[in-house]
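Q: To start, I am sharing the structure in question, which I have written as structure tokens.
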Amino acid sequence: MHCSSISRMTASSVAIIGAGAVGAGTAWYLAKHGHQVMLIDPKLDQPINRSGALPGTTASLGVLMGHVFRRSSGRAWRLRQHSMTLWPEWVAELSSQEHPLKLNTPLIQLASSEAEATLMKQLAEQRQHLGLELISPNSNPYIGRSWPNTQHGGLISHQDGYLDPILLQKCLRAALQDQGVQQIEEPVISLERNSSVAEKQWSLQLAGGTNLNQDAVVICAALGSKALLESLGHSLPMAPVLGQVLDLEVISDQHNWSGWPAVLVSHGINLIPHGTNQIWIGATLEPGVQPMSSHLKAMQNLAGDAPDWLESATVKNQWHGLRARPVERPAPLLEKLEPGLIVATGHYRNGVLLAPASAAWVKEQLANETRS
């Protein structure tokens with residue numbers, strides 16, 4: 001441990017590898033709190049849009065399922081609660097006239113069985129203070145387009161919902177520029193510890209040949225983290241899990257989205273209305289790295305509970321992306337592996353949801369090094 005390096009951590013230079021919601025959010029958050037930050041990702045020069053195969057954040061729907069999480073204790077619950085507390089503050093700071101970011105609420109989960117309905121009843125009783133309440137069986141509390149099967153009722157969470165991840169990325173890029181964060185559009189091909197106490201702790205070699213020396217490195221590169229970590233003797237295996245989204249156009253009729261929740265969840269599949277006659281439907285359910293038409297059809301069918309208008313909808317666009325799921329370890333991976341080397345990755349389905357809590361955790365790790 002290099003004491004001279006640690007003494008500089010008060011105003012440390014930090015390289016963040018990976019510019020998804022967690023990486024870009026952490027870069028912005030650290031810069032806002034006085035750190036000298038550079039964000040490194042070869043995809044920083046690519047347009048932020050939806051089409052085909054995408055990296056994790058832009059492929060996601062940005063669903064925030066914080067308060068409907070089943071467990072009521074442990075690290076995963078604490079992280080969700082911390083993020084749900086921070087997200088309104090982040091939205092207020094990141095939103096602009098050009099990119100008006102919004103937390104869209106509420107979220108409704110439909111029960112697919114009596115057993116699931118019983119669990120929802122228990123959650124609603126425990127978390128009224130968090131905005132949870134039951135929806136009775138065979139009811140539709142809103143007018144407009146018919147819902148999937150509601151025979152078992154459901155649960156409404158008035159504070160959960162979704163953030164548009166494309167808008168979020170655009171807001172973060174603008175905020176990073178405002179904070180003076182250097183954005184580097186190259187891969188990191190190697191990461192090495194500096195042996196001299198006169199140097200900063202970490203040396204990063206970029207594909208173009210540049211070497212960067214930094215006090216600390218934060219790896220947020222999801223599946224791309226493996227090679228960098230293994231070269232340093234750290235093994236944190238992660239498996240790819242495929243997430244898929246269909247953008248559907250429904251037949252225009254007298255029905256509309258009036259009063260629909262921001263997110264409706266049925267059989268683990270998210271439905272998000274947008275526009276006049278369009279709806280996103282997506283899930284992270286199946287393993288593998290390539291989409292299969294049979295999975296897409298099953299997703300649109302909602303295990304037989306899809307209303308007619310959904311099954312007959314036309315596919316206008318579709319995209320998919322890979323999530324990083326830790327192997328035999330809980331998601332996400334938030335660890336300080338050694339002085340100045342921090343991992344905040346492997347968020348699986350919850351990268352957007354947990355971005356604020358992950359950024360706050362990284363900031364605390366750097367502060368702890370300052371106090372060491």
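Q: Please compute the per residue accessible area over the chain with all protein chains in place, 1.4 Å probe, rounded to a whole number of Å².
A: For the chain, the per-residue accessible area is 43 Å².
Q: Okay, next question. Please give me, ordered by residue number, the GluC sites (Glu not before Pro) of region 152-216 that lie in loop per DSSP and have at most 16 other Cβ atoms within 10 Å. Show your work: numbers first, answer last.
A: On the way: sites: GLU185, GLU192, GLU199; in loops: GLU185, GLU199.
Here the GluC sites (Glu not before Pro) that fit, given the DSSP loop and packing criteria, are GLU185, GLU199.
Q: Follow-up question, since we're still on this one. Output the pairs from LYS170/LYS316; LYS102/LYS336; LYS43/LYS226; LYS32/LYS226 with a Cα-Cα distance over 25 Å in this structure; if there are none, say none. If you can, show how the numbers build up before the last one.
A: Details: LYS170/LYS316 23 Å; LYS102/LYS336 32 Å; LYS43/LYS226 18 Å; LYS32/LYS226 29 Å.
Among LYS170/LYS316; LYS102/LYS336; LYS43/LYS226; LYS32/LYS226, the Cα-Cα distance tops 25 Å for LYS102/LYS336; LYS32/LYS226.
Q: Can you list the aspartates and glutamates whose alpha carbon is less than 17 Å from that of LYS363, not counting same-chain residues fewer than 8 positions off?
A: The reachable aspartates and glutamates, counting only those whose Cα sits under 17 Å from LYS363, are GLU89, ASP215, GLU335, GLU338.
Q: On to the next question. Please report the carbon-and-sulfur percent of the accessible area for region 44-119; probe 1.4 Å, protein heavy atoms only, DNA, RNA and ligands left out.
A: On the way: 1910 of 3720 Å².
Whole-percent figure for carbon plus sulfur exposure: 51.
Q: Then there is this: At 1.4 Å probe size, with the rest of the protein present, what percent of the exposed accessible area of region 245-372 is carbon and sulfur atoms?
A: On the way: 2540 of 5260 Å².
In region 245-372, the share of accessible area belonging to carbon and sulfur is 48 percent.
Q: Compute the distance from the alpha-carbon center of region 267-318 to that of region 156-215, in whole Å.
A: Here the two parts' Cα centres lie 33 Å apart.
Q: In deg cm²/dmol and to the nearest 500, what is the mean residue ellipticity at 222 nm of the chain if only DSSP H runs of at least 4 residues count, each as -39500 (n - 2.57), divided by the residue total?
A: Working: 10 runs with 108 residues, N = 372.
-8500 deg cm²/dmol, from helical runs alone.
Q: If you don't mind, there's one more thing I want to ask. Taking every pair of Cα atoms in region 16-93, average 1/r, invert it to obtain the Kirkwood radius, and report Rg/Rh to two decimals.
A: Working: Rg = 14.8 Å, Rh = 14.6 Å.
Looking at region 16-93, the ratio lands at 1.01.
Q: Run through the DSSP bridge list for the chain and note the antiparallel percent, rounded to the nearest 5. Don't skip to the answer; put the middle values down first.
A: On the way: 53 of 75 bridges.
Here the antiparallel bridges make up roughly 70 percent for the chain.
Q: So, in Å, what gap is there between the alpha-carbon centers of region 320-346 and region 69-120?
A: That distance is 21 Å.
Q: By how many degrees, 0 to 90 and rounded to 10, does the Cα axis of helix 114-126 deviate from the longest principal axis of the chain?
A: That works out to roughly 60 degrees.
Q: Another question, if that's okay. Using the Karplus curve 6.51 cos²θ - 1.76 cosθ + 1.60 with θ = phi - 60°, work out ³J(HN,Hα) for each residue of region 144-153 in order, rounded to whole Hz, and write x for Gly and Pro.
A: So the J values, rounded to whole Hz, are x, 4, 5, 8, x, 3, 10, 5, 9, x.
Q: Turning to a different aspect of this structure: What is the percent of Cα-Cα separations in region 174-227 that go past 19 Å? Don't skip to the end; give the middle numbers.
A: Values: 543 of 1431 pairs.
Of all Cα-Cα pairs in region 174-227, 38 percent lie more than 19 Å apart.
Q: What would the Debye formula give as log10 I(q)/I(0) at q = 0.08 Å⁻¹ for the alpha-carbon point model of the chain, no solvent?
A: -0.42
Q: Would you mind checking which residues have amide H under 5 Å from VAL37's amide H? H placed 1.01 Å from N; only 5 or more apart, or other chain.
A: VAL14, GLN182
Q: If you don't mind, another one. Note down the accessible area of ILE184, probe 1.4 Å, to the nearest 10 Å².
A: About 20 Å², rounded to the nearest 10.
Q: At 4 °C and a viscosity of 1.567 mPa s, what translational diffusion coefficient does Stokes-Einstein give for region 125-273, taking Rh as the Kirkwood radius over Cα pairs? Give it in µm²/s as a whole number. Working shown, then result.
A: Numbers: Rh = 20.8 Å.
Result for D is 62 µm²/s.
Q: Can you work out the Karplus-derived ³J(HN,Hα) for every residue in region 227-243? Use 6.51 cos²θ - 1.76 cosθ + 1.60 with θ = phi - 60°, whole Hz, and x for glycine or proline.
A: Values, residue by residue: 4, 4, 6, 5, 5, 9, x, 10, 10, 10, x, 9, 9, x, 10, 8, x Hz.
The values are calculated or read from the model by the stated rules, or taken from the named source; none is laboratory data. For clarity, every value in this text was computed on a predicted model and none was experimentally measured. Note that each Cβ is placed from the backbone with ideal geometry, even for glycine, and that neighbours are counted across all protein chains shown. Quick note on the areas: whole protein, heavy atoms, side chains included, nothing else; ligands and nucleic acids left out. Shrake-Rupley method; radii C 1.70, N 1.55, O 1.52, S 1.80 Å.
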